[in-house]
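Only one structure is covered here, and it is reproduced in the block below.
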Amino acid sequence: MTDLEKQVSEDQDVEDVEEQLELPDPLEIPAIVVDAMVDLHSFEAAPAHQTDLGFPGELVDDWQERAIAKIGDLRKKYRSFRVYLDSCVKCGACTDKCHYFLGSADPKNMPVARQDLLRSVYRRYYTIPGKIAPWLVGARDLTEEVLGEWYNYFHQCSQCRRCSVYCPYGIDTAEISMAAREIMDDVGKGQKYCNEIIAKLHKVGNNLGMPPKALEATLADFEEELEDDFGIEIKMPLDVEGADILLITPSADFFADPHIEGLMGYAKVFHNAGVSWTMSSYASEAANFGMFIGSYDNMRKVSRRIRKAAKDLKVKRIVFGECGHAWRVGYAFLNTLAGPWDFLDQNYPIPQHICEFTFDEIEKGAITFDKSRNDDKVMTFHDSCNVARATRMGSNPGGQFDYPRALLKASCNHFHDMPEDTIGEATVCCGGGAGILTDDLMDIRVKGAAPRMKALRQVTEEEGVTHMAAICAICKSQFTKILPKYDFDMEAIQSVHQIVSNAIVLEGATVPEDD
Amino acid sequence: MISISAFFAGLFYFATAVIVFGVLYRIYEYWSVPSPLNIATTPAPTTQAGAAFRVVREVTLFESLFKANKWIWLFGITFHLALLLVLLRHFRYFVDPTFILWAWVPYVQPFGKYAAFAMVLGLAALWARRFLVERVRYISSPSDHLMLLLLILIGVSGLVMKFVSHTDIMDVKHFFVGLRSFDIKELPNDLPLYIHLSLVATLMIIFPFSKLLHVPGVFLAQHEIWQIILGKNVMLPLGLRKSIIRLASDIF
Ligand code: SF4
Ligand code: SF4
Ligand code: SF4
């Protein structure tokens with residue numbers, strides 16, 4: 001090797017090292033690639049699932065008039081819809097805020113462009129300039145092609161509200177997505193994933209379609225497992241009349257990992273607190289996909305199950321398990337949809353989040369932790385977007401960020417947050433929310449997760465983080481699938497109450513061998 | 001030249017009627033649409049004072065925009081602040097500064113004069129973004145470009161009157177003060193003035209039909225905040241008077 005060659009190869013080595021150290025910015029803005037995702041089409045709902053929800057089975061003949069009329073209807077029903085459609089000034093502040101745009105580079109995934117898919121039609125039929133000079137104000141006729149675009153791009157929005165945080169008028173694209181899905185359902189063009197699930201819930205009581213008997217058996221299995229592991233009886237009660245607390249939790253907690261470990265964590269916390277609690281086989285679902293499709297009626301129907309269960313079981317309190325959008329419906333809508341809750345104990349929040357429950361126990365000093373049981377992990381926390389931007393915990397603004405972190409810090413020794421601009425109110429969604437968590441949308445799921453994955457990469461490289469906890473059933477399922485695609489271990493995603501569960505010291509319990 | 005003066009008088013009566021009734025009607029429309037669910041973007045303030053403070057920050061400092069993009073914020077706030085000063089300066093064409101309420105008017109004159117430059121520069125920068133940033137170019141319609149053009153022309157024609165051709169503004173003032181008592185006085189015969197006035201009238205007329213509705217929108221879009229400030233389920237016109245009185249007493 002000549003000196004020169006040596007020099008060159010040394011330079012290259014240095015460059016290589018630098019490149020490795022140079023981690024990609026989680027929020028790096030791509031150059032736009034027009035129509036990159038235009039063909040991504042999730043399966044449409046079968047006629048039976050449409051009619052189950054009270055929608056036409058298939059695309060109706062007069063879909064165009066009907067859709068236009070529906071826009072007119074919605075603008076009289078929701079102030080947000082109306083004001084949002086009129087107020088946007090196309091300033092562009094939101095254009096780089098959507099994780100789906102950052103991941104896919106398709107400009108129609110920029111929040112304002114997503115709104116414009118619908119706004120252009122609204123302008124054409126409901127505003128004077130749009131009627132007189134459509135070309136001037138970007139107004140469009142509602143054609144089959146436009147409807148196709150609606151379907152594809154409004155199913156590439158996880159209704160995460162990140163855009164609304166940055167818009168000077170607070171315009172929330174999630175509201176527009178919900179409205180668009182409502183319009184499409186109304187003309188007979190619903191999405192299979194969402195509508196099938198809602199139909200199951202109406203029939204059986206949960207998104208899985210798991211009948212009461214199967215649920216009972218599953219919970220019995222969990223109790224057995226807990227007893228085997230810890231040598232004490234930790235109950236997972238179902239349909240116990242007169243219990244104090246009704247736990248409403250996403251059905252994923254009954255069958256998926258790491259959700260189940262979270263459920264066991266709630267059970268241990270309740271056991272430790274010595275409260276009487278129960279789940280309900282009638283309302284065995286916290287998730288409310290009625291919100292995803294913007295259907296007030298379906299959302300209400302789903303919520304009313306919780307009311308009925310609470311009345312039938314004569315409980316005093318309602319606690320929600322770890323589920324992002326369920327907590328949104330619980331925290332922000334439940335009173336409107338299924339209230340008044342005058343028959344519950346007014347001394348507790350109605351409803352209460354499981355993190356609030358556990359937090360209060362910790363504050364009381366009622367829980368003993370052995371943090372060292374989590375010493376094999378360095379934790380971080382993914383703020384689930386619906387919790388972060390649509391709800392609260394405790395009574396201070398921002399409690400939704402503090403409570404889960406307080407739980408984690410109480411139960412493990414090593415915790416590091418991801419970069420500031422990807423957590424808290426700025427959190428980037430997992431990429432699977434609001435009806436996107438289906439295999440036919442895998443392409444956008446992977447792309448939409450990119451910002452979160454890059455943020456996680458930063459803390460794994462720089463802080464040695466090994467695991468990420470979340471409090472949303474969809475996030476957990478999404479990450480289980482997506483982590484391996486970004487070279488992480490799929491078990492790197494954990495439930496918050498799983499970490500709590502590992503560390504909580506229960507009276508009389510033995511510690512399992514492998515822990 | 002009485003006919004041209006009469007034309008502008010008519011135009012301004014019409015434009016004033018359109019902007020006043022148009023915007024009031026829009027606000028009425030928005031308020032009368034229900035807002036059944038609490039869709040607050042959180043973390044939201046939990047107290048009335050906190051909520052009112054948030055609206056004030058959003059309206060005066062463009063807080064969200066600042067979080068989103070420092071350039072748009074800089075250009076946007078430059079333009080809007082400058083516009084405010086320029087508008088305040090224009091009060092002198094309509095009011096009598098010896099009346100105590102308008103005593104401040106002479107003091108904003110020097111600021112308003114130079115603010116016009118800042119306004120045009122801010123607008124030009126915003127317009128440049130529409131060409132130079134591909135994401136913004138993608139979302140821009142012809143109307144978005146024309147709106148900026150219109151505002152820039154208003155600013156430039158105003159500057160020309162002040163710094164180049166020196167329109168006789170006392171006459172202009174007489175004209176507008178005259179309009180108040182339906183007494184149509186003569187406007188100076190001056191091309192930049194005619195251009196300026198026509199463009200301003202155009203802006204007033206398209207206001208209630210365009211994205212300029214973001215002006216009431218910036219208040220109304222934050223409906224959750226209003227729920228905190230005014231209490232739940234505020235619906236106009238029923239609750240209007242009470243609400244406004246309460247809001248006023250909360251803020252001031
Ligand atoms: S930030 Fe708001 S006003 Fe600006 S383009 Fe986006 S939606 Fe429109
Ligand atoms: S709500 Fe979330 S997913 Fe939908 S456009 Fe806004 S940022 Fe994107
Ligand atoms: S799945 Fe989780 S992160 Fe994603 S939309 Fe829902 S709450 Fe947000």
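Here is a check on your reading of the model: is B:Leu159 surrounded by fewer than 14 Cβ atoms within 10 Å (Cβ to Cβ) and among the aliphatic types (A, V, I, L, M)?
So B:Leu159 does not fit the description; no.
Out of segment B:158-175, which residues are in contact (Cβ under 8 Å) with a residue 40 or more places away in the chain and within 18 Å of B:Ser3 (Cβ to Cβ)?
B:Val172, B:Phe175
Mind checking which residues of segment B:103-129 are crowded, with 19+ Cβ neighbours inside 10 Å and in contact with a Ser or Thr (Cβ under 8 Å, 6 or more places away or on another chain)?
B:Met119, B:Gly122
Among A:Ile482, A:Ile493, A:Ile499, A:Ile471, which is more than 14 Å from chain B (Cβ to nearest Cβ), crowded, with 21+ Cβ neighbours inside 10 Å, within 27 Å of A:Ala287 (Cα to Cα) and within 16 Å of ligand 2 (Cβ to nearest atom)?
Answer to the selection: A:Ile482.
So A:Cys98 passes all but one of these: (1) at the interface with chain B (Cβ under 10 Å from one of its Cβ atoms); (2) within 25 Å of the chain's Cα centre (by Cα); (3) under 27 Å from B:Leu220 (Cβ atoms). Which condition number does it fail?
In the conditions (1) at the interface with chain B (Cβ under 10 Å from one of its Cβ atoms); (2) within 25 Å of the chain's Cα centre (by Cα); (3) under 27 Å from B:Leu220 (Cβ atoms), A:Cys98 misses (1) alone.
When the residues of segment A:433-484 are narrowed to those that are within 19 Å of A:Gly321 (Cα to Cα) and part of a loop (DSSP other than H, G, I, E, B), which ends up farthest from ligand 3 (Cβ to nearest atom)?
A:Ile471
Are there helices (runs of 4 or more DSSP H) fully within segment B:1-92 with at least 3 residues that are out of contact with any Phe, Trp or Tyr (no Cβ under 9 Å at 6 or more places or on another chain) and farther than 28 Å from B:Pro110 by Cα? List them.
B:2-32, B:48-61
Every residue, every condition in (1) in a loop (DSSP other than H, G, I, E, B); (2) more than 16 Å from ligand 2 (Cβ to nearest atom), yes or no:
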{"residue": "A:Phe292", "(1), (2)": "yes, no"}
{"residue": "A:Val302", "(1), (2)": "no, yes"}
{"residue": "A:Ile306", "(1), (2)": "no, yes"}
{"residue": "A:Ala310", "(1), (2)": "no, yes"}
{"residue": "A:Val315", "(1), (2)": "yes, yes"}
{"residue": "A:Ile318", "(1), (2)": "no, yes"}
{"residue": "A:Gly330", "(1), (2)": "no, yes"}
{"residue": "A:Asn335", "(1), (2)": "no, yes"}
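Look through segment A:92-106, keep the residues that are in a loop (DSSP other than H, G, I, E, B) and crowded, with 21+ Cβ neighbours inside 10 Å, and return whichever of them is nearest to ligand 3 (Cβ to nearest atom).
Only one residue fits best here, namely A:Cys98.
Please verify whether segment B:129-149 includes one or more residues that are within 21 Å of the chain's Cα centre (by Cα) and more than 14 Å from every other protein chain (Cβ to nearest Cβ).
No - not one qualifying residue is present in segment B:129-149.
Quick one: how many residues across segment B:1-35 are in contact with a helix residue (DSSP H, G or I) (Cβ under 7 Å, 6 or more places away or on another chain) and charged (D, E, K, R)?
1
So, in segment A:147-189, of the ones that are within 11 Å of ligand 1 (Cβ to nearest atom) and polar (S, T, N, Q), which residue ends up nearest to the other protein chains (Cβ to nearest Cβ)?
A:Ser164
How many residues are more than 14 Å from every other protein chain (Cβ to nearest Cβ) and in a helix (DSSP H, G or I) when one looks only at segment B:169-202?
Matching residues across segment B:169-202 total 23.
What is the residue count in segment A:107-143 for residues that are surrounded by fewer than 20 Cβ atoms within 10 Å (Cβ to Cβ) and more than 14 Å from every other protein chain (Cβ to nearest Cβ)?
Here the count works out to 3.
From the list A:Tyr193, A:Tyr153, which residue is away from ligand 3 (no atom under 16 Å from the Cβ) and at negative phi?
None of the other options fit; the residue is A:Tyr153.
What residue, of A:Ser158, A:Ser164, A:Ser251, A:Ser177, is of a type outside the set (Lys, Arg), within 16 Å of ligand 3 (Cβ to nearest atom), touching an Asp or Glu at 6+ places or on another chain (Cβ under 8 Å) and under 29 Å from A:Lys108 (Cβ atoms)?
A:Ser164
For A:Ala48, state whether it is more than 10 Å from chain B (Cβ to nearest Cβ) and surrounded by fewer than 20 Cβ atoms within 10 Å (Cβ to Cβ).
yes
Hey, does segment A:469-478 have a residue that's away from ligand 1 (no atom under 16 Å from the Cβ), on the phi > 0 side of the Ramachandran plot and under 16 Å from the mean Cα position of the chain (by Cα)?
No, there is no match, as no residue in segment A:469-478 is away from ligand 1 (no atom under 16 Å from the Cβ), on the phi > 0 side of the Ramachandran plot and under 16 Å from the mean Cα position of the chain (by Cα).
Applying the selection to segment A:154-169, what residues are of a type outside the set (S, T, N, Q) and under 18 Å from A:Cys429 (Cβ atoms)?
Of everything in segment A:154-169, those that are of a type outside the set (S, T, N, Q) and under 18 Å from A:Cys429 (Cβ atoms) turn out to be A:Phe154, A:His155, A:Cys157, A:Cys160, A:Arg161, A:Arg162, A:Cys163, A:Val165, A:Tyr166, A:Cys167.
If A:Ser104 satisfies all but one of (1) under 19 Å from A:Ala180 (Cβ atoms); (2) away from ligand 2 (no atom under 15 Å from the Cβ), what's the number of the condition it fails?
(2)
Working only within segment B:152-183, note down all residues that are in contact with a Phe, Trp or Tyr (Cβ under 8 Å, 6 or more places away or on another chain) and modelled with pLDDT of 90 or more.
Passing the criteria: B:Ile152, B:Leu159, B:Val172, B:Lys173, B:Phe175, B:Phe176, B:Val177, B:Leu179.
Being free of Cβ contacts under 8 Å to residues at least 60 places away in the same chain, surrounded by 24 or more Cβ atoms within 10 Å (Cβ to Cβ) and assigned to a helix (DSSP H, G or I): is that true of A:Val146 here?
Answer is no for this residue.
Considering each of B:Leu61, B:Leu81 in turn, give the residue that is surrounded by fewer than 19 Cβ atoms within 10 Å (Cβ to Cβ) and either away from chain A (no Cβ under 14 Å) or under 30 Å from B:Ile184 (Cα atoms) (or both).
B:Leu81
Search segment A:159-196 for residues being of a type in the set (Gly, Ala, Ser) and more than 18 Å from B:Ile39 (Cα to Cα), and hand back the single one that is nearest to ligand 2 (Cβ to nearest atom).
The selected residue is A:Gly190.
Within segment B:35-53, track down each residue that is more than 10 Å from chain A (Cβ to nearest Cβ) and surrounded by fewer than 18 Cβ atoms within 10 Å (Cβ to Cβ).
Of everything in segment B:35-53, those that are more than 10 Å from chain A (Cβ to nearest Cβ) and surrounded by fewer than 18 Cβ atoms within 10 Å (Cβ to Cβ) turn out to be B:Gln48, B:Ala49, B:Phe53.
Exactly one of (1) buried (at least 24 other Cβ atoms within 10 Å of the Cβ); (2) in contact with a Cys (Cβ under 7 Å, 6 or more places away or on another chain); (3) farther than 28 Å from B:Ala49 by Cα is unmet by A:Ser411. Its number?
(2)
Within segment A:323-378, count every residue that is within 14 Å of chain B (Cβ to nearest Cβ), among the charged types (D, E, K, R) and without any contact (Cβ under 8 Å) to a residue 12 or more places away in the chain.
0
When you check A:Leu117 against the structure, is it modelled with pLDDT of 95 or more, closer than 28 Å to B:Thr42 by Cα, hydrophobic (A, V, I, L, M, F, W, C) and more than 9 Å from ligand 2 (Cβ to nearest atom), yes or no?
Yes: the conditions hold for A:Leu117.
If you go through segment A:348-393 one residue at a time, how many are within 13 Å of ligand 3 (Cβ to nearest atom) and basic (Lys, Arg)?
Looking only at that region, the number is 1.
The values are calculated or read from the model by the stated rules, or taken from the named source; none is laboratory data. Because the structure is predicted, anything quoted here is derived from the model rather than measured. Glycine gets a Cβ as well: all are built from the backbone with ideal geometry, and neighbour counts include every protein chain shown.
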